[in-house]
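Before any comments, here is the structure.
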Amino acid sequence: MDQAPGSPHGPQGPGPQDAHSLPGCYRHPDRETGVRCTRCERPICPECMVNASVGFQCPECVRTGSGTGHAPDASRPRTLAGGTVSSDPRLVTKVLLGINLLVFLVQLSLGDDFTDRFDLLGRAYVPWLGGLEGVAEGQWYRLLTAMFLHGSYMHIAFNMLSLWWIGGPLEAALGRARYLALYLVSGLAGSALTYLLDEPNQPSLGASGAIFGLFGATAVLMRRLRYDMRPVIILLVINLIFTIGWHNTIAWEAHIGGLVGGVLIGYAMVHAPRERRALVQYGACALVLAAVVVLTVIRTVQLT
């Protein structure tokens, strides 16, 4: 959860048919499916389906070129959102975890002087830094750097556990590039709304905007796959209750901004038409980024 420095801080559901009438995906046994590979006839879930000239094929048949009549790499396996299937589907999540933990160690080593240079600050006089500081003073990088700072052990522990639990499965479903775009743009959306609505002299920091973006995209994905959404909804409601109940110590603007950005981008990621999928997906990211720029410019004009 985002906060001011010094503040306290695989589910599955029944498908439309009887659960006993459908086999499980050969790569994901817990996912029931009625679709089989047209080459080897193994059951495959939406994440494992690769378009073929007739029906769908499994990743192994596509990778080896079994009976396809073209080179094995001519049609690579794709995730549900169109990303490339990778050998380590949690790589970006691990890297993000590592960056957050490394930056937190730097914070512990260098103290407030480091944190105050990179947290989200609208506009305020900071004598130990030499004068006026903040996004309104041209320090737009604070919208991004604040996403990797944390105010306490509890703060970073909560955010990193959420990142690991939500981020890994989402990365596997979207692919690395789309997942990273979702994370960064959602985080920036949270930072922009915080900058717009929060007091200009109130610093804010934390990965919560990006984390709430992952929550929003996960809800969209689970609805698309007809999974039981109750676990993620319950967790999201609990987080929103904390956000509203402790609004004086938690930057609720970052949570709401990240959530809205994540839902919008997530919907584009999993519902984009196949024939122009990349255009719709990255176009949605560009639109949210444009909104971030507009909100930032509006607030900067207000403060200057």
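For region 37-45, does any single residue satisfy the condition of being among the hydroxyl-bearing types (Ser, Thr, Tyr) and modelled with pLDDT under 70?
Checked against the condition, which is being among the hydroxyl-bearing types (Ser, Thr, Tyr) and modelled with pLDDT under 70, region 37-45 yields no hits at all.
Pairs only if they're at least six apart or on different chains, beta carbon under 8 angstrom, first in region 273-291 and closer than 17 Å to residue 193 by Cβ, second β-branched (Val, Ile, Thr) and outside any helix (DSSP H, G or I); list them, first residue then second.
Filtered contacts from region 273-291: no entries.
Residue by residue through region 85-95, note down the ones that are surrounded by fewer than 20 Cβ atoms within 10 Å (Cβ to Cβ) and modelled with pLDDT of 95 or more.
94, 95 - these are the residues of region 85-95 that are surrounded by fewer than 20 Cβ atoms within 10 Å (Cβ to Cβ) and modelled with pLDDT of 95 or more.
What's the number of the only condition in (1) modelled with pLDDT of 90 or more; (2) out of contact with any Lys or Arg (no Cβ under 7 Å at 6 or more places or on another chain); (3) closer than 24 Å to residue 300 by Cβ that residue 131 fails to meet?
Every condition holds for residue 131 apart from (1).
Does residue 149 satisfy being among the hydrophobic types (A, V, I, L, M, F, W, C), crowded, with 17+ Cβ neighbours inside 10 Å and in contact with a strand residue (DSSP E or B) (Cβ under 6 Å, 6 or more places away or on another chain)? Write out each step before concluding.
Working: among the hydrophobic types (A, V, I, L, M, F, W, C): yes; crowded, with 17+ Cβ neighbours inside 10 Å: yes; in contact with a strand residue (DSSP E or B) (Cβ under 6 Å, 6 or more places away or on another chain): yes.
Against the criterion (among the hydrophobic types (A, V, I, L, M, F, W, C), crowded, with 17+ Cβ neighbours inside 10 Å and in contact with a strand residue (DSSP E or B) (Cβ under 6 Å, 6 or more places away or on another chain)), residue 149 qualifies.
Residues to consider are 177, 181, 192, 207; find the one that is in contact with a Cys (Cβ under 8 Å, 6 or more places away or on another chain) and among the small types (Gly, Ala, Ser).
One residue alone meets the criteria, 181.
Mind listing whichever residues of region 142-168 are within 23 Å of residue 292 (Cα to Cα) and in contact with a Leu (Cβ under 9 Å, 6 or more places away or on another chain)?
142, 143, 144, 145, 146, 147, 148, 149, 150, 163, 167 - these are the residues of region 142-168 that are within 23 Å of residue 292 (Cα to Cα) and in contact with a Leu (Cβ under 9 Å, 6 or more places away or on another chain).
Going through 138, 98, 82 one at a time, which residue ends up being out of contact with any Leu (no Cβ under 6 Å at 6 or more places or on another chain) and modelled with pLDDT of 95 or more?
98
Please find, among 272, 286, 291, 268, the residue that is exposed (fewer than 15 other Cβ atoms within 10 Å of the Cβ), at pLDDT 85 or above and either among the aliphatic types (A, V, I, L, M) or closer than 16 Å to residue 191 by Cα (or both). Write out each step before concluding.
Numbers: 272 fails: exposed (fewer than 15 other Cβ atoms within 10 Å of the Cβ); 291 fails: exposed (fewer than 15 other Cβ atoms within 10 Å of the Cβ); 268 fails: exposed (fewer than 15 other Cβ atoms within 10 Å of the Cβ).
Of the residues listed, the single one that is exposed (fewer than 15 other Cβ atoms within 10 Å of the Cβ), at pLDDT 85 or above and either among the aliphatic types (A, V, I, L, M) or closer than 16 Å to residue 191 by Cα (or both) is 286.
If we scan region 178-186, do we find a residue that is modelled with pLDDT of 95 or more, of a type outside the set (Lys, Arg), surrounded by 24 or more Cβ atoms within 10 Å (Cβ to Cβ) and farther than 18 Å from residue 90 by Cα?
yes
Please state which of the following conditions residue 179 fails to meet, knowing it meets all the rest: (1) more than 18 Å from residue 218 (Cβ to Cβ); (2) among the hydroxyl-bearing types (Ser, Thr, Tyr); (3) within 12 Å of the chain's Cα centre (by Cα).
(1)
Determine, yes or no, whether residue 68 is modelled with pLDDT of 90 or more and in contact with a helix residue (DSSP H, G or I) (Cβ under 8 Å, 6 or more places away or on another chain).
It is false that residue 68 is modelled with pLDDT of 90 or more and in contact with a helix residue (DSSP H, G or I) (Cβ under 8 Å, 6 or more places away or on another chain).
Mind checking whether some residue in region 114-134 is of a type in the set (A, V, I, L, M), assigned to a helix (DSSP H, G or I) and either buried (at least 17 other Cβ atoms within 10 Å of the Cβ) or in contact with a Pro (Cβ under 6 Å, 6 or more places away or on another chain) (or both)?
No, that holds for no residue.
Within region 104-113, is there a residue that is under 27 Å from residue 162 (Cβ atoms), touching a Leu at 6+ places or on another chain (Cβ under 6 Å), modelled with pLDDT of 80 or more and of a type in the set (Asp, Glu)?
No, region 104-113 has no match at all.
The values are calculated or read from the model by the stated rules, or taken from the named source; none is laboratory data. Just so it is clear, the model here is predicted, and its values are computed rather than measured. As a convention, Cβ positions derive from the backbone with ideal geometry for all residues, glycine included, and neighbour counts pool all protein chains shown.
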